[in-house]
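Reading through the structure tokens given below for one structure.
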Amino acid sequence: MKFQYAPELVEEVVFQEIQRRAEKGDLRLFREYHQFADGIYDDRPGNQREAAFDQLHKEFFVKLGFGNFIYQAIAESHLQTDKVEQVFVGKALSQKEEGADVSKDGRGIGIKLRTERFFDLPTLQRYLRHEFMHIADLLDEAFGYEYHTRLSPVSPTEENIIRERYRLLWDISIDSRILRS
């Protein structure tokens with residue numbers, strides 16, 4: 001399974017973690033980051049800097065352990081990983097944008113997270129467990145999920161009401177299974 005992170009999410013998480021530590025008086029990460037960043041400015045022409053900074057942010061993201069939480073949550077979710085080829089982690093701008101979904105062919109997973117989630121790791125872990133249980137259900141043939149754009153020939157308002165009620169019941173089911181395990 002290949003993991004891909006949105007560069008803007010990774011960059012923002014790394015910068016905020018550097019700032020959080022610096023505000024607490026720990027400047028080691030700040031110094032280490034700038035040692036590498038200064039080298040990129042000195043050694044790379046302008047058109048190669050963006051890729052170099054993306055790689056630097058990715059390395060710090062992994063070094064800080066943020067990528068492990070997503071991998072661990074997938075492992076705990078009983079997801080049928082033999083079906084999934086790629087996991088994309090994107091940046092959500094608001095709480096309403098957050099969530100996970102599966103691609104139409106079932107080979108890809110996408111999850112959008114707000115940057116703030118990474119700074120409360122127990123809450124992030126609970127949230128990821130819940131979202132990946134949704135994905136595990138969608139990929140489980142016994143669950144019977146079929147990709148449809150419309151539920152039935154009802155009005156959009158009625159369709160939204162049906163979806164919201166179903167989502168609530170599904171969330172309760174997932175939370176119950178997590179508590180039991």
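Before moving on, here are some points about what is shown:
- Part-to-part distance (alpha-carbon centres) for segment 1-77 and segment 102-129, which is given in Å: 18
- Full extension of the chain segment joining Lys96 with Glu59 gains 10.4 nm, where the gain is 0.36 nm per residue of separation less the Cα-Cα distance.
- Accessible surface ranking that places the most exposed of Ser77, Ser155 first, with a 1.4 angstrom probe: Ser155, Ser77
- Helical contribution to [θ] at 222 nm, DSSP H n ≥ 4, -39,500 (n - 2.57), averaged over the chain, rounded to 500: -20000 deg cm²/dmol
- Considering only alpha-carbon pairs that sit under 8 angstrom and 6 or more positions apart, the relative contact order computed for segment 78-181 is 23 percent.
- Within the chain, the proportion of C-alpha pairs whose separation exceeds 20 Å stands at 61%.
- Antiparallel beta bridges, as assigned by DSSP with both residues in the chain, represent about 30 percent of the total such bridges.
- Of Lys63/Lys83; Lys24/Lys96; Lys2/Lys104; Lys2/Lys58; Lys63/Lys104, those spanning more than 25 Å from alpha-carbon to alpha-carbon: Lys63/Lys83; Lys24/Lys96; Lys63/Lys104
- FRET E, pair Ala6, Asp105, Förster distance 30 Å, beta-carbon r, rounded to 0.05: 0.90
- Helix 28-43 and the long axis of the chain differ in direction by around 70°, with both axes built from C-alpha atoms.
- Solvent-accessible area per residue in the chain equals 64 Å², computed with a 1.4 angstrom probe and all protein chains kept.
- In degrees, nearest ten, helix 156-180 long axis to first principal axis of the chain (Cα): 70
- Tilt relative to the chain, helix 66-76 - C-alpha long axis, 0 to 90 degrees, to 10: 30
- Top of Phe143, Phe30, Phe53 by mean-square fluctuation, Gaussian network on the chain, Cα under 10 Å: Phe143
- By the equivalent-ellipsoid construction on the alpha carbon gyration tensor, segment 84-155 comes out with semi-axes of 24, 15, 12 Å, ordered largest to smallest.
- Top of Thr123, Thr157, Thr115 by mean-square fluctuation, Gaussian network on the chain, Cα under 10 Å: Thr157
The values are calculated or read from the model by the stated rules, or taken from the named source; none is laboratory data. Just so we're clear, the structure is a prediction, and the values are computed from it rather than from any experiment. Quick reminder, even Gly has a Cβ in these numbers, built from the backbone with ideal geometry, and neighbours come from all protein chains shown. Quick note on the areas: whole protein, heavy atoms, side chains included, nothing else; ligands and nucleic acids left out. Shrake-Rupley method; radii C 1.70, N 1.55, O 1.52, S 1.80 Å.
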